[in-house]
1. Out of all the residues in the stretch 164-181, which are within 21 Å of T267 (Cα to Cα), open to solvent by less than 70 Å² (accessible area, probe 1.4 Å) and assigned to a strand (DSSP E or B)?
2. Return a yes/no flag: does the stretch 173-183 have any residue that is of a type in the set (A, V, I, L, M) and either modelled with pLDDT under 95 or under 30 Å from G248 (Cα atoms) (or both).
3. Of the residues T195, T188, T234, only one is more than 24 Å from Y157 (Cβ to Cβ) and among the polar types (S, T, N, Q); which?
4. Just to check your reading of the model, which residue among N98, N138, N90, N134 is within 22 Å of D50 (Cα to Cα) and either over 17 Å from the mean Cα position of the chain (by Cα) or polar (S, T, N, Q) (or both)?
5. Of all residues in the stretch 241-289, which are more than 23 Å from T214 (Cα to Cα) and free of Cβ contacts under 8 Å to residues at least 12 places away in the same chain?
6. Among (1) of a type in the set (G, A, S); (2) farther than 29 Å from Y157 by Cα; (3) open to solvent by 40 Å² or more (accessible area, probe 1.4 Å), there is one condition A247 misses while meeting the rest; what is its number?
7. Test V278 against the criterion of being more than 24 Å from N138 (Cβ to Cβ) and touching a helix residue (DSSP H, G or I) at 6+ places or on another chain (Cβ under 8 Å), and give yes or no.
Amino acid sequence: MRRLRIAVTVLFVLSLAVFVTYNVLDRITEDHTPPVISCAEDTVSASVTDDESVLLQGMTAEDDRDGDLTDSIRVSSMSNFTEPGKRTVNYVVFDRANQAATYTRTLQYTDYTSPKIMLSAPLRYDLEDMGEVNLTENMSVEDCLDGDIKQQIRAAYSAGSYIDGAGDYPVQVQVSNSAGDTCTVAVTVTVTDATDSLERDKYYPILSQYIAYTGVGQELDLSSLVIGLERNGTEYLFAEDGDMIPAGIESVAISGTVDYQTQGCYTVDYQFTTADGVTATTKLAVVVG
């Protein structure tokens, strides 16, 4: 019995010695130093069509045990825009001990353009149809970062607006891309009443576009956007149906003030009045920015 106790004690001491030795050696040999990412330039320029390899240009990574880890650097995330065309890029690299190094620098796009909501038809609807209207059906957005983001357009009537008859109602449409760049346009929905005897006699000006964009200090030729007249759902183009239209393009009156020196959204009215004095108005939203 005594020999058994001695054997157990010796075995315990040996096991404890092995355990202590293993832990001491493990602590001595354990990698406690993370890798280091370096870069000569804290700003990288790239096109919106460039892949990740361009964003990694100029980046290097070294580890005291694993050596050169440059090929293992990855883009971990990108921020929303910090200012037009600029965002922050975050990089990461791991060594064999799964220790991480991070680095942050600025990405400057060389060809970035903000998303723009385009409108190919007037926001004009009959009162009876308003319950089924999809305000964004004739809108489109082609974003240089995300491609087609039409499904992300949101339209909302201004607070307090309640459609209770024919008239004009303000609406705000908005879309944002994955970098947080937002396009917001104030447009107008025109509600008509088919029971109005004058409605069938109205000729509405047709425009080539119903939201127009320009830069600060750059005036638009507003008259060049007029391409025809529409009556009771039938379109007549000046270039093709001149003999079927009661008057020419010069009879379309343009009114509304656009301050081309100040960023903002402005409304321009295009009006055509028949010989009988019936006037129809089409709205254009002009975005200066």
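1. Passing the criteria: G167, Y169, P170, V171, V173, V175.
2. Looking through the stretch 173-183, none of the residues is of a type in the set (A, V, I, L, M) and either modelled with pLDDT under 95 or under 30 Å from G248 (Cα atoms) (or both).
3. Result of the check over T195, T188, T234: T234.
4. Every option except N90 fails the conditions.
5. Hits for the stretch 241-289 are G242, D243, M244, G248, E250, G277.
6. For A247, the exception is condition (3).
7. Taking the combined requirement at face value, the residue satisfies it.
Matching residues to (1) under 22 Å from G180 (Cβ atoms); (2) out of contact with any Gly (no Cβ under 9 Å at 6 or more places or on another chain); (3) modelled with pLDDT under 95:
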{"position": "D51", "(1), (2), (3)": "yes, yes, yes"}
{"position": "V54", "(1), (2), (3)": "yes, yes, no"}
{"position": "D68", "(1), (2), (3)": "no, yes, no"}
{"position": "S79", "(1), (2), (3)": "yes, no, no"}
{"position": "K86", "(1), (2), (3)": "yes, yes, no"}
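The values are calculated or read from the model by the stated rules, or taken from the named source; none is laboratory data. It should be emphasised that the depicted structure is a prediction, and the values quoted were computed from it without experimental measurement. Note that each Cβ is placed from the backbone with ideal geometry, even for glycine, and that neighbours are counted across all protein chains shown. Heavy atoms of the whole protein, side chains included, go into the accessibility calculation; ligands, DNA and RNA do not. Shrake-Rupley method; radii C 1.70, N 1.55, O 1.52, S 1.80 Å.
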